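Taking it in order: structure first as structure tokens, then the write-up.
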Amino acid sequence: MSVMAVTFPILPGKTPQWRSWMKELNGPRHEEFAASRSRAGVHERTFLQQTPAGDVVIVTLEGKDPQRSFEMMMSGHDAFTSWFVQKAREVHGIDVSAPLNGSSSRLVADSDSEVEVT
């Protein structure tokens, strides 16, 4: 099982809107959310981190190929994915359906095993 972590900044003043979005994901849209991630073969966890530079969201994906799963989840054409991508655009100011720019996060320390850092 592999793990991927991605950080998304929340636009200034958008944290209340982000909280409402998360209430929808954990409430009336939870079944759609869980089904979307299950179809992609990934388990998602999302964290809110408040920092002096502003609020950020940390998303972890666990599965066989989290990068591929992320791309699959964000490129869907179903109603849930369209809604999710629109909410992400409003709150984060980015199009999560577009390919991720730059390299993905790299594991640099693990309490269960040594990691080669390059």
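Select from the range 37-50 the residues that are over 12 Å from the mean Cα position of the chain (by Cα) and surrounded by fewer than 13 Cβ atoms within 10 Å (Cβ to Cβ) and write down the one among them that is farthest from Met1 (Cα to Cα).
Applying the filter and picking the extreme gives Gln50.
Being in a strand (DSSP E or B) and among the aromatic types (Phe, Trp, Tyr) is the filter here, so list the residues in the range 5-55 that pass it. Write out each step before concluding.
The first filter runs over the range 5-55 and keeps only residues in a strand (DSSP E or B), leaving 5-9, 42-51, 54-55.
Within the range 5-55, Phe8, Phe47 qualify.
Which condition from (1) surrounded by fewer than 15 Cβ atoms within 10 Å (Cβ to Cβ); (2) more than 15 Å from the chain's Cα centre (by Cα) is the one that Ala34 breaks?
Exception for Ala34: condition (2).
Are any residues in the range 56-67 within 17 Å of Leu25 (Cβ to Cβ) and surrounded by 15 or more Cβ atoms within 10 Å (Cβ to Cβ), and if so, which ones?
Val57, Val59, Thr60, Leu61
Scan Arg68, Arg89 and give me the residue that is over 17 Å from Ser20 (Cα atoms) and basic (Lys, Arg).
Unique residue meeting the criteria: Arg68.
Would you please list the contacts, defined by Cβ atoms under 6 Å and residues six or more apart or on different chains, that run from a residue in the range 6-34 that is free of Cβ contacts under 8 Å to residues at least 24 places away in the same chain to a residue that is in a helix (DSSP H, G or I)?
Leu25/Phe33
Would you point out the residue of the range 62-84, among those that are over 18 Å from Ser104 (Cα atoms) and not in a helix (DSSP H, G or I), that is modelled with the lowest pLDDT?
Gly76
Answer with yes or no whether Val59 is under 22 Å from Val3 (Cα atoms) and part of a loop (DSSP other than H, G, I, E, B).
Judged against the criteria, Val59 is not a match.
What's the number of the only condition in (1) farther than 16 Å from Val6 by Cβ; (2) without any contact (Cβ under 8 Å) to a residue 12 or more places away in the chain that Arg89 fails to meet?
(1)
Looking only at the range 1-31, filter to residues that are buried (at least 16 other Cβ atoms within 10 Å of the Cβ) and of a type in the set (Lys, Arg); which one of those is farthest from Val108 (Cα to Cα)?
Applying the filter and picking the extreme gives Arg29.
Of all the residues that make up the range 3-20, how many are over 14 Å from the mean Cα position of the chain (by Cα) and not hydroxyl-bearing (Ser, Thr, Tyr)?
Of the range 3-20, the ones over 14 Å from the mean Cα position of the chain (by Cα) are 11-17, 19-20.
Those left that are additionally not hydroxyl-bearing (Ser, Thr, Tyr): 11-14, 16-17, 19.
The qualifying residues number 7.
The values are calculated or read from the model by the stated rules, or taken from the named source; none is laboratory data. Because the structure is a prediction, the values reported are computed rather than measured. Cβ coordinates were reconstructed from backbone atoms using ideal geometry, including for glycine residues, and neighbour counts include every protein chain displayed.
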